[in-house]
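Read the figures in this text as sums done on the coordinates, not as results from a lab. Just so we're clear, the structure is a prediction, and the values are computed from it rather than from any experiment. Cβ: placed from backbone, ideal geometry, glycine included. Neighbour counts: every protein chain shown.
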Amino acid sequence: MAVSVRDVAEQAGVSVGTVSNVLNNPEKVAAATAERVIAAIEALGFVRNDAARQLRAGASRSIGLVVLDVGNPFFTDVARGVEERAAEEGLVVLLANSDERRDREAAHLDLFEEQRVRGLLITPVGEVGERLHRLRARGIPTVLVDRLAGEGFSSVSVDDVAGGRLAAQHLLDTGRRRLGFVGGPLELGQVRDRLRGAREAVAEVPDARLDVLETPGLSMTEGVSAGRRVLEQEPRCDAVLAANDVVALGVLQGLLLGGVRVPHDVALVGYDDIDFAAAAAVPITSIRQPRERMGAEALGLLLAELDGDERHRQIVFQPELVVRESTAAR
Ligand code: RIB
């Protein structure tokens, strides 16, 4: 049976209201009384019920953050940016991982609604616009991260079409002509836009081609198996654009284990510029996203909406090419 505020009050010989003041308005309580209450809290192992407090106070201190893949450092870097901004506002961040699965995403949204979080940040798996509109109708606004929002929502993202184009153009500039795009599923807006940008760049070079090796997800494991598919190609592509750095790390492993030299036989570009890209066995060229800043800006947009700002803004950062060994000219 959980220890209640009433148990603490009886133990300390004070009223329930005094215990509540010690927890929420300690300046109203005499020091000696507060010490008795704190001693009782520690002796009984009382843990405050934040959800009940929130219901009474009507204002939660929690922000829900739903990411696609908690194993991808891109999202933990974004989460760090959210948390640092949240701490400045006295808010806490509740992190949930959809694992690129719609059912998990829906369950997290239901839970955050029950918890009455103050607001939500999400990188959606599928189309959640209607669900997010229902949440806003219940007083829980949402900002999209790493996804350009349509009408009705604010978002923070990078121009992924420009990013895909930048990656492909860099490979073409180093003389590569048989490019392979590795990533998926193509239902993910970010992946689709990166591929679109790569196709635009390749279309401008007559003797260049772009094959698509779609994957069911954006994991390192999918990258390794795609790397093995590249080995079996005839003729083999001479460069790979990976939809993100985690996939690129897998492709690199698949290629190296197959005896292929990177970049001499196959060049490789990733996306995000996570720390592991620079630390890889062959440092990976990548398209940099300002991850922590994206998180902080997304929370800023959410706070503006919580303060009554009805405008919806789409903050779109420009991608930046970070050149490393994996695309050195042959
Ligand atoms: O959101 C899809 C992908 O875009 C993530 O895996 C992350 O790497 C970002 O670049």
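Structure notes:
- Radius of gyration, Dmax [the range 5-48; alpha carbons; angstrom]: 8.9, 23
- Gain on full stretching of the segment that runs from T33 to Q233 - 0.36 nm per residue minus C-alpha separation: 64.3 nm
- Percent of Cα-Cα distances greater than 29 Å, calculated over the chain: 48 percent
- Local electrostatic count at D273 - Lys and Arg +1, Asp and Glu -1, tallied over other residues with Cβ under 11 Å: -2
- Placing +1 on each Lys and Arg Cβ and -1 on each Asp and Glu Cβ, with no other charges, gives the range 197-264 a dipole about its Cα centre of roughly 220 debye.
- Cα gyration tensor category, rounded, prolate or oblate, for the range 154-198 with a/c compared to 1.5: oblate
- Calculated from backbone phi, Karplus (6.51, -1.76, 1.60) coupling profile of the range 128-141 in Hz, x at Gly/Pro: 10, x, 5, 5, 6, 5, 5, 5, 5, 5, 9, x, 10, x
- Phi angles of the range 156-165 translate, via the Karplus equation with coefficients 6.51, -1.76, 1.60 and θ = phi - 60°, into HN-Hα couplings of 10, 7, 10, 5, 6, 5, 5, x, x, 5 Hz per residue; Gly and Pro are given as x.
- Among M220, M1, the ranking by other beta carbons within 10 Å of each residue's beta carbon, starting with the fewest, stands as M1, M220.
- Footprinting exposure proxy for S219, S326 (fewest neighbouring C-beta atoms within 10 Å first): S219, S326
- About its Cα centre, the dipole of the range 5-48 is roughly 100 debye, where the only charges are +1 on Lys and Arg Cβ and -1 on Asp and Glu Cβ.
- With a Förster radius of 25 Å applied to the beta-carbon distance between Q314 and R80, the computed FRET efficiency rounds to 0.65.
- The ranking of E320, E232 from fewest to most other beta carbons within 10 Å of each one's beta carbon is E232, E320.
- Phi angles across the range 30-44 convert, under the Karplus curve 6.51 cos²θ - 1.76 cosθ + 1.60 with θ = phi - 60°, into 3J(HN,Hα) values of 4, 4, 4, 5, 4, 4, 5, 5, 5, 4, 5, 4, 5, 5, 8 Hz, Gly and Pro given as x.
- The chain, helix-only ellipticity at 222 nm - DSSP H runs n ≥ 4, -39,500 (n - 2.57), divided by all residues, nearest 500: -14500 deg cm²/dmol
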